[in-house]
Each structure stands twice: as structure tokens, then as C-alpha cells.
Amino acid sequence: MSTTFSTINVTDLKQLMTQGGIEIIDVRTPVEFREVHIQGVRNLPLDRLKPDAVMSGRNADQPLYVVCKSGGRSAKACEAFVAAGFSNVVSIDGGTSAWDAAGYPVSRGNKAISLERQVRITAGLMAFTGAVLGYAVHPWWHGLSGFVGAGLTFAGITDTCAMGMLIARMPWNQVKDCCSSGA
């Protein structure tokens, strides 16, 4: 069994798609998926991904292609599949952004503020609030700014973001039917 996963660029993926019969899952949030996605893919958000459930009932000899916005979350999803014992998974390099930039067909829906921007807005507001309250109310409020800074540092080092995972679950980032086909 392989301990790593494969990658594919969007040009090679497009060629494979013309032959038909490939399965692609998109692991972005439902709102990101609704905004723009490769036509014909399924949305299975990373925070709800269950490799055993995805792989049950499908031919394990056929590769499962995984896409996100740029490749980071799809790589994490592939790592989860490999850790669960499924090695025939392929991360799509450059993700939906590269696919769209290449001019390949996408489905577009309602525009949304990206999860990354939401995290930056929230972290910035929390740090600013801590600084203002630390000056105006009590110096201990500066701890809020320090906490946010420590959290951002941890997120950068580990490439995980607890704030992002929390914000992804907020009601405004949900779509009534999140796991539908993009066809």
C-alpha cells in the first residue's frame, strides 16, 4: 500500500475527462462550491469527509480525483484517504483556480466572501478589539490580541486553522443541499 498520493495537472485531467468515467470530489465549503466549481463534480466538504463512506460501493481500482481551490485542502483530503487505507487517490494541482484560469468549463453560482477573507476579517477585528479594549478598559484585554497572534502563528506553522474550521460551519457558509452534483 502506498503511503503517498498522486497529483495531476488540470491539462492532463481535462484530457482524462474527455475519455469519461472519472470521479472527482470537491472538498471546499458548500458556499465556495456554489460560487464556482468544475462541472460534474460532487461537493464533499473536507471537515465532513469520511473516506470509508466515500469509497464504499465504488471500484477501488478506479482513481478518485480530489479538488479544492488551489490544492492544499485536496492534498489534506488525499492524506486522509491514504491514512484510511485507500491509496488510489489523486490531488488536482492548482485546483479549481487553475482549472478556471485554463478556460475549462465551470459552473458559476452566487458570489461569496472566501473563507480565507472571512478568517482575516475576523482575526483582524479580534486583534483590533483587544487593542482598543486594552487601552480603554483594562490592559488585560491586550491578551485577546496576543491570543489571536498566537493562533495565527500556530495556523501558519501547522497549516491548520481552527478559526477557519469554525467559520466554515457558520450558517452563512452553509448551502441547503451541500453535497450535490455540480452537473
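The values are calculated or read from the model by the stated rules, or taken from the named source; none is laboratory data. From a predicted model like this one, the values you see are computed outputs, not experimental measurements. Using ideal geometry, Cβ is built from the backbone for each residue, glycine included, and neighbour counts are taken over all protein chains shown.
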Checklist outcome for this item: Met163 passes all but one of the listed conditions (1) exposed (fewer than 13 other Cβ atoms within 10 Å of the Cβ); (2) under 21 Å from Gly72 (Cα atoms); the exception is number (1)
Item to check | Residue among Leu152, Leu166, Leu115, Leu133 that alone is at pLDDT 95 or above and out of contact with any Cys (no Cβ under 7 Å at 6 or more places or on another chain) | outcome: Leu133
Next on the checklist: Take the conditions surrounded by fewer than 19 Cβ atoms within 10 Å (Cβ to Cβ), among the polar types (S, T, N, Q) and on the phi < 0 side of the Ramachandran plot and apply them to Thr96. Does it pass?
Outcome noted: no
Item to check | Checking Ser107 against (1) touching a Gly at 6+ places or on another chain (Cβ under 7 Å); (2) among the small types (Gly, Ala, Ser); (3) on the phi > 0 side of the Ramachandran plot, the condition it does not meet | outcome: (3)
Item to check | Residue count, the stretch 1-19 (criterion: of a type outside the set (Val, Ile, Thr) and at pLDDT below 85) | outcome: 2
Checklist entry - Within the stretch 107-116, how many residues are within 22 Å of Tyr65 (Cα to Cα) and either free of Cβ contacts under 8 Å to residues at least 60 places away in the same chain or loosely packed, with under 15 Cβ neighbours inside 10 Å (or both)? => result 1
